[in-house]
């Protein structure tokens, strides 16, 4: 991430450049002061020589003009010396202020780097959660299709058996005689006033209850729950956990959108800085190199953002088909809202998952009601598949999260930026040496 860090780096480079110019000026002023002190020493030696000559030749008359000239020269040298000392004190204060500004800028840069590292770790976790959610959605869609196919096959088999039983019941009783038929009919009326259809219905209901009881016992033993209330509590806790995960994904998507907005602001500010005038200074080449490196990182982040946008666009059609399969309606208006605000996508997936869970449980209950013997419930294909999936989803084999290349390369950004001090010369020793050599050559 390179949003506000580059502004701080630019300010820090500016402060470093000003400090280098102040140091250069101090060296030049020191040389000038040394020359002035040398001239002053020569003047004092000349005054001593003149005074010695004057004391040696007292017979000669005094020269007031020469004495006045020497006094004026001495006064000018003294005033110049005081001005130089005052200027050196001002430059020292400026150097101290520049050093304090440099320390403040370094502290701000460290804080911005820590914030950028935190945002990178959050984006990694959000990407891993999004991969997990997408894999779960694909698995649920495949399971829905398979269950729908099994339901259609079971329904067709049931209709065929029903027609066969109806045809068998409607066959005439040719082999029975009229007398035997009356006797059986009278005995049947005495024993029960129920019709043969009611008896069949009663038998089916009894078998359905027994199979439901056996399936419930099998579910309790498989989940190791003490009773039905504990089983329902576990199921509700899992649903609450899914809703919490969906809420967390929505929050992370919102934070990701904020990061994208910040990146757009940084790119706009970078475009403004490219149009601004750049003052000529010795460190312009270093500033241009840092600007190019920042532009490269911004291009990498923009490419990753484009990849995420294209991935969301590719997911639009599968998620719409999944929504239509679950709710049996076309999600035109809702999908337009979701794709205009991608952070709402986890909540939509949570609704689809809840709807799919309801449909699967309803299909399992319907299949159990159609079988009377409860001991054969676990052997039903639909129930066995459902129990197998419920057991497998406890420990899903989630693939490792895919980390974008930019995050892998920029993961040690704090270490890299900590060594950037070598790019910005603080004392400019080579420049000072060149200036000293030039000054000595001019003096000679």
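General remarks:
- Qualifying residue in region 120-129 (condition: modelled with pLDDT of 70 or more and either part of a loop (DSSP other than H, G, I, E, B) or loosely packed, with under 11 Cβ neighbours inside 10 Å (or both)): no
- Single residue of region 286-314 satisfying the filter (modelled with pLDDT of 80 or more and more than 19 Å from the chain's Cα centre (by Cα)) that is farthest from residue 17 (Cα to Cα): 296
- Comparison of 383, 371, 352 shows that the only residue that is at pLDDT 75 or above and either assigned to a helix (DSSP H, G or I) or more than 30 Å from residue 248 (Cβ to Cβ) (or both) is 352.
- Boolean, residue 250 is farther than 26 Å from residue 385 by Cβ and surrounded by 13 or more Cβ atoms within 10 Å (Cβ to Cβ): yes
- Near pairs, Cβ below 9 angstrom, 6+ apart or cross-chain, from region 203-232 (part of a helix (DSSP H, G or I)) to any residue that is modelled with pLDDT of 75 or more and exposed (fewer than 15 other Cβ atoms within 10 Å of the Cβ): 220/226; 220/227; 220/230; 223/230; 223/234
The values are calculated or read from the model by the stated rules, or taken from the named source; none is laboratory data. Here the structure is a predicted model, which is why all the values come from computation and not from measurement. Reconstructed Cβ throughout: ideal geometry from the backbone, glycine too, with neighbour counts over all protein chains shown.
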